[in-house]
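Beneath this line is the structure, given in structure tokens, with notes to follow.
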Ligand SMILES: C[S@@+](CC[C@H](N)C(=O)[O-])C[C@H]1O[C@@H](n2cnc3c(N)ncnc32)[C@H](O)[C@@H]1O
């Protein structure tokens, strides 16, 4: 377990070794989170809110494992990665072997609906509902059911050149923002509370037909949420 503070650059190097999904399906929005964005989320969770080291962590819709493996690398007590995609989870397992973290993460191939139990921390980069409307709601609901503290990414309503320029110039690569009405209402309707929201820039290569540019750059909001459960393990 890592007791010392891990340098962000070392975390980013580890995450960049984690292979992307070899055949991503647009219907499941199977793109892989960029290493820099994953490192920023994990760094905030671990060192701003103390929600990773010695904690039980679940990564819902883990894909090829960047968030789960990053949590294990930072010193989580127990990590579970869950995804409906067999190839995604197989790749995640191979990534865990490659990074020497094989014994630190349990991988499960299933729909998140099948997940029960309590975890200190949920990490998730869910489908944004671009392909299947409301796909993100199911993830939020499950996270609020099983998690004490939730780190969840959603498409931001902040956009425009000036905002992106400000984000690029920011030292932390984040800007604190207000939550969207939808997320706020949804979380409060499920007895959760939004503690903070950080806007960040996501850049992914052209990978699906509906991507019209060589690279796709957009703003996402990381929501830090206190769930309704209290995990006692
Ligand atoms: C945007 S990708 C994120 C992957 C990974 N967490 C990352 O950030 O690199 C969303 C993931 O959710 C998974 N997914 C979609 N619907 C799911 C469901 N109902 N149950 C479990 N996983 C699901 C997809 O297979 C995909 O890997």
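For the range 213-229, give me each residue that is modelled with pLDDT of 65 or more and either over 14 Å from the mean Cα position of the chain (by Cα) or surrounded by fewer than 16 Cβ atoms within 10 Å (Cβ to Cβ) (or both). If you could, list the steps in order and put the result at the bottom.
Keep residues of the range 213-229 that are modelled with pLDDT of 65 or more, which gives 213-228.
If the condition is that a residue be modelled with pLDDT of 65 or more and either over 14 Å from the mean Cα position of the chain (by Cα) or surrounded by fewer than 16 Cβ atoms within 10 Å (Cβ to Cβ) (or both), then 213, 214, 215, 216, 217, 218, 219, 226, 227, 228 are the ones that fit.
If you go through the range 50-64, how many residues are within 10 Å of the chain's Cα centre (by Cα) and without any contact (Cβ under 8 Å) to a residue 60 or more places away in the chain?
Residues in the range 50-64 being within 10 Å of the chain's Cα centre (by Cα) and without any contact (Cβ under 8 Å) to a residue 60 or more places away in the chain: 1 in total.
For residue 155, are the conditions met, namely being free of Cβ contacts under 8 Å to residues at least 24 places away in the same chain, more than 20 Å from residue 64 (Cβ to Cβ) and surrounded by fewer than 20 Cβ atoms within 10 Å (Cβ to Cβ)?
Values: free of Cβ contacts under 8 Å to residues at least 24 places away in the same chain: no; more than 20 Å from residue 64 (Cβ to Cβ): yes; surrounded by fewer than 20 Cβ atoms within 10 Å (Cβ to Cβ): yes.
So residue 155 fails the test.
Does the range 1-24 hold any residues that are in a loop (DSSP other than H, G, I, E, B) and surrounded by 14 or more Cβ atoms within 10 Å (Cβ to Cβ), and which are they?
Quick first cut of the range 1-24, residues in a loop (DSSP other than H, G, I, E, B) only: 1-7, 17-24.
Answer for the range 1-24, where residues must be in a loop (DSSP other than H, G, I, E, B) and surrounded by 14 or more Cβ atoms within 10 Å (Cβ to Cβ): 2, 6, 18, 19, 20, 21, 24.
Within the range 28-46, which residues are touching a helix residue (DSSP H, G or I) at 6+ places or on another chain (Cβ under 9 Å) and away from the ligand (no atom under 13 Å from the Cβ)?
43, 45, 46, listed by residue number.
What single numbered condition from (1) within 8 Å of the ligand (Cβ to nearest atom); (2) closer than 24 Å to residue 167 by Cβ fails to hold for residue 84?
(2)
Please state which one of 61, 75, 129 is more than 10 Å from the ligand (Cβ to nearest atom), at positive phi and out of contact with any helix residue (DSSP H, G or I) (no Cβ under 6 Å at 6 or more places or on another chain).
75
I want to confirm something. Restricting to the range 132-165 and keeping residues that are touching a strand residue (DSSP E or B) at 6+ places or on another chain (Cβ under 7 Å) and over 27 Å from residue 79 (Cα atoms), which single residue is farthest from the ligand (Cβ to nearest atom)?
In this case the residue turns out to be 163.
The values are calculated or read from the model by the stated rules, or taken from the named source; none is laboratory data. None of the values given here were measured: they were computed from a predicted structure. So basically every Cβ, Gly included, is an ideal-geometry build from the backbone, and we count neighbours across all protein chains shown.
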